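A short write-up of the structure that comes next.
The values are calculated or read from the model by the stated rules, or taken from the named source; none is laboratory data. Nothing here was measured: the structure is a model prediction, and the numbers come from that model. Here the Cβ positions follow ideal geometry from the backbone for every residue, glycine too, while neighbour counts run over all protein chains shown.
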Amino acid sequence: MEGGMDFLNCLDLDMSVQILMYLKDPSDLARVSSVSRSWRDFVIANGLFKQLCLRMFPQLSRVARVMELNKCGAKEPVEVGSSYSTEWESLARDHRVYATLARVCTSFLPEDCISKAISASSTDNYPDESIENTLQPADIVPHRPLYWSSKGQKNPAVPETLIYKLKSEFCVITEIKIRPFEAYFQPGSPIYSAKSVRFQMGHPKSPNDLGSHLPGDPLPSADDTFIWTYTSPEYPMAQESCLQKFTLPEPVLCIGGILQIELLGRVQTQEVDGLFYICMSYVQVMGCSLSPALRVEILEPSGTFVLKKDMQGKFHTQPGLPENEAREIPNDRWQRRIRYLQHFVDILQGNANVVIEEYESGEEEDEAEEEYPV
């Protein structure tokens, strides 16, 4: 703004970073980077997109390094010139990769991310009641029902697990939908739901752990086979034969492409044997596959990983969100945000006569005042 001052030059580094990290929308941070060359350099030098991504997805704390890939493979900085040049190229590469990740994870078109079923902790009659049946949206095929059933248990507290492989080893997941099975062919049409459900995401301990495993084959303990990097809260499940939606508190990065559904507690007995069963007819995992444009390479045995960006990769984002541009924000709204930050700086400098300009709507004011961790 003409005649104004650049608060990045007036405050110490930590305070400037803290102010800019109040921006929670990646497109806002992209617009900050477009204000001037000095602002762009500030965003890059302080890794603000990386900090934003870490705030959105704590799983990224295990990133060992990032890489950009072109047709010839890895795009690494050339070891010439000063060490400062090499360090700056590394910072700029981090900026590009994390900016892409942040944009895609907030603008994707949700889709079903399940690739295949891996295993169930138990199956009553394989293959007729296999976990693979849960991938079909219709619970009835000609002349027979379609569902997965656990083995019967006398103890209703015995849990079951269903494990699926996602479409890629790098996905962002927002919600899981599950439909319990209603046994219309049994007296009273009982519904074999669970009492509650919980979700875990992660990766195999070894790339060869799954091998040629088939859903009907016995699988060693899941905790011995997989490393779980995320565990959801526990959600109650209704004893209803409908597609029940379980929305995660925040979108989650699944690093490794493995999802486990924990079905906790049994509510329904089968009349013929008096045992408790859990049966599910359909499972859907909603989110977005980030590969091949973004991918991960897990480094064993450390469990850290390399985050890679394919320079040729494309994403499917929401209409109106161009792949290489920040979302458009009305100019007057953007100017109000800039003025708000400027007034905030004035207050920090002890100018008690400054009155913060109010936003046009209470909703925007609340958004501006909300605190976000750095």
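Screening S119 with (1) buried (at least 21 other Cβ atoms within 10 Å of the Cβ); (2) polar (S, T, N, Q); (3) at pLDDT 95 or above gives one miss only, at (3). The conditions are (1) under 26 Å from P249 (Cβ atoms); (2) small (G, A, S); (3) touching a Leu at 6+ places or on another chain (Cβ under 9 Å), and A30 fails exactly one of them. Which is it? Looking at each condition in turn, A30 falls short on (3). If you check E182, E175, E160, E169 for being in the same structural domain as I255 (by TED's automatic domain parsing) and surrounded by fewer than 20 Cβ atoms within 10 Å (Cβ to Cβ), only one passes: E175. State which residue is farthest from L166 (Cα to Cα) when the search covers only the stretch 228-276 and only residues that are over 22 Å from the mean Cα position of the chain (by Cα) and of a type in the set (A, V, I, L, M, F, W, C). By that ranking, first place goes to V272. Quick one: would you say P301 is touching a Cys at 6+ places or on another chain (Cβ under 8 Å) and more than 21 Å from A117 (Cα to Cα)? Criteria not met by P301. Within the stretch 97-116, if we keep just the residues that are in a loop (DSSP other than H, G, I, E, B) and modelled with pLDDT of 90 or more, the residue that is surrounded by the fewest Cβ atoms within 10 Å (Cβ to Cβ) turns out to be P110.
Within the stretch 132-148, residues that are under 16 Å from V285 (Cα atoms) sit with their Cβ atoms under 6 Å from residues that are at pLDDT below 90, at 6+ positions apart or across chains, in these pairs: E132/P215. Of the strands (runs of 3 or more DSSP E) that lie entirely inside the stretch 278-328, those containing 1 or more residues that are more than 19 Å from the chain's Cα centre (by Cα) and modelled with pLDDT of 90 or more span 279-289.
Counting only residues that are farther than 22 Å from I173 by Cα and assigned to a loop (DSSP other than H, G, I, E, B), which one in the stretch 218-237 is modelled with the lowest pLDDT? Here the residue is P218.
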